[in-house]
Amino acid sequence: MSSRIGQVEVSLLWEGPRGRHCERRFFDRINFWRDYFPGNMGEQLNTAEIGQLVSYQAVAGELVEPYDQNQIQLIKRSQFQTRVSAGLVITPRRGRFYPRNLVSCISSYFEGDRRPLRCLQVDDDELLVDLNHPLARYALKLEARLLKELEAKQEHGGASIDVPQMCTQNGPGMQASLVETDTDFFSDDPFARLDTRADSAFYTMTRLLPHIDSTASEQLAKIYERFLQPGMQVLDLMSSWQSHLPESVAGLAVTGLGLNMEEMQHNPRLGHQVIHDLNVQPELPLETGQFDVVICSMSVEYLVKPAEVFSEVARVLKPGSPFVISFSERWFPPKVIAVWQEMHAFERMGLVLDLFDKSQVFTNLGTESVRGFPRPADDKYAAELAESDPVYVVWGIRC
């Protein structure tokens, strides 16, 4: 039987110490052949109906390199290259990930190797590092859904790729916490910013700029949709002219809390606008238990007092209600916190998970990343970037 070619969405699912996680990727013109999928997923996709879900459950170490205790290595601190470039100095921290090419004389080293290693312990003279894949100890599940069947072209068919490798590389697993100790996100001055002016001054200028492209916004709306029901009271925290809420959920009563009234007045989803600077006053001028859902889109990286804000969000949420945070890879450099720029995107999800965890008022934590969808042709970056902006989402449920 010949192999079909089509567009497919693949999800990598796993459960870590602090919740459930999903990495969702889009593949265009992929060849549904058994060598490119684990188990019999390829054969199932070859006969699947449009929209049909097929899955494969893998044991730990089946889709990535198996966990190897010998990959836990004690190295001298002098082996860690701290000065990466002029003006950029990296200090290794407990629980943080770094590319292997910053460390010399370790096993499986090669020049330019950017696979992650994790610092497990940091002392004055030595570092204990983990060279295992971040997902090596987790059972992984792959789910694939056929979106569209495509005709084979004579000059070339579908892409011949290793689907599990594509789904597990470059980040997934890095959001997981250490089991026995905290990750050190907060040494030095993690919430320092280049622009120390009051945010109220910076955001006086109206900026009707998209923070993600329209495809990424649609994907984010689909995630938000899972947490919404018609008629809910929604708080759009750090709001602007776009909320990324789905049109499919009717009757939402949305309150926007932000710093620029003109931007919020351009947002058709907001029924009420509140001007408030969370970095000056984390206390929310809102009633206790007022909201069914709180969202924060593309803004968490600007908070300098996130723990206090998370506590306040818990106060204004009804018990059993979600707080859903999303971000991508665009931000205003003068106002983003220092630690955000130092981390891999999946580590940023780990930081947000840590804030949820330390608040001690949220449960059922989870993350989802969405990558690989094609960039809209009308996006201003379409000539430079083939893929849509990635979307990273972290949530917790108010206890």
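The values are calculated or read from the model by the stated rules, or taken from the named source; none is laboratory data. Small disclaimer: the values here were computed from a predicted structure and weren't measured. Cβ coordinates were reconstructed from backbone atoms using ideal geometry, including for glycine residues, and neighbour counts include every protein chain displayed.
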Checklist entry - Among the numbered criteria (1) more than 22 Å from Ala216 (Cβ to Cβ); (2) of a type outside the set (Asp, Glu); (3) touching a Phe, Trp or Tyr at 6+ places or on another chain (Cβ under 9 Å), which single criterion is violated by Gly231? => result (3)
Next on the checklist: I'd like the full set of residues that are modelled with pLDDT under 90 and of a type in the set (Val, Ile, Thr), limited to segment 158-203.
Outcome noted: Ile161, Val179
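Table: residues versus (1) at pLDDT 95 or above; (2) buried (at least 19 other Cβ atoms within 10 Å of the Cβ).
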{"residue": "Arg96", "(1), (2)": "yes, yes"}
{"residue": "Cys105", "(1), (2)": "no, no"}
{"residue": "Arg118", "(1), (2)": "yes, yes"}
{"residue": "Leu128", "(1), (2)": "yes, no"}
{"residue": "Leu140", "(1), (2)": "yes, yes"}
Checklist entry - What residue, of Ser243, Ser239, is crowded, with 22+ Cβ neighbours inside 10 Å, in a loop (DSSP other than H, G, I, E, B) and within 19 Å of the chain's Cα centre (by Cα)? => result Ser243
Next on the checklist: Any residue at all in segment 292-301 that's in contact with a helix residue (DSSP H, G or I) (Cβ under 8 Å, 6 or more places away or on another chain), closer than 30 Å to Phe97 by Cβ and of a type in the set (S, T, N, Q)?
Outcome noted: yes
Next on the checklist: Name the single residue that is nearest to the chain's Cα centre (by Cα) among those in segment 248-269 being farther than 25 Å from Arg226 by Cα and not in a loop (DSSP other than H, G, I, E, B).
Outcome noted: Glu263
Checklist outcome for this item: Within segment 16-54, residues modelled with pLDDT of 95 or more, farther than 20 Å from Gln169 by Cβ and part of a strand (DSSP E or B) come out as Arg20, Leu53, Val54
Item to check | Where Thr367 falls short, out of the listed (1) farther than 20 Å from Thr181 by Cβ; (2) modelled with pLDDT of 95 or more; (3) in a helix (DSSP H, G or I) | outcome: (3)
Checklist entry - What residue, among those in segment 166-217 that are farther than 30 Å from Val64 by Cβ and among the β-branched types (Val, Ile, Thr), is surrounded by the most Cβ atoms within 10 Å (Cβ to Cβ)? => result Thr206
Checklist entry - What are the residue pairs meeting all of these: first residue in segment 1-27, first residue without any contact (Cβ under 8 Å) to a residue 12 or more places away in the chain, second residue in a loop (DSSP other than H, G, I, E, B), Cβ atoms under 9 Å, and 6 or more apart or on different chains? => result Ser2/Ala152
Next on the checklist: Looking at segment 275-283, can you tell me whether even one residue there is among the aliphatic types (A, V, I, L, M) and either outside the structural domain of Val361 (by TED's automatic domain parsing) or not in a loop (DSSP other than H, G, I, E, B) (or both)?
Outcome noted: yes
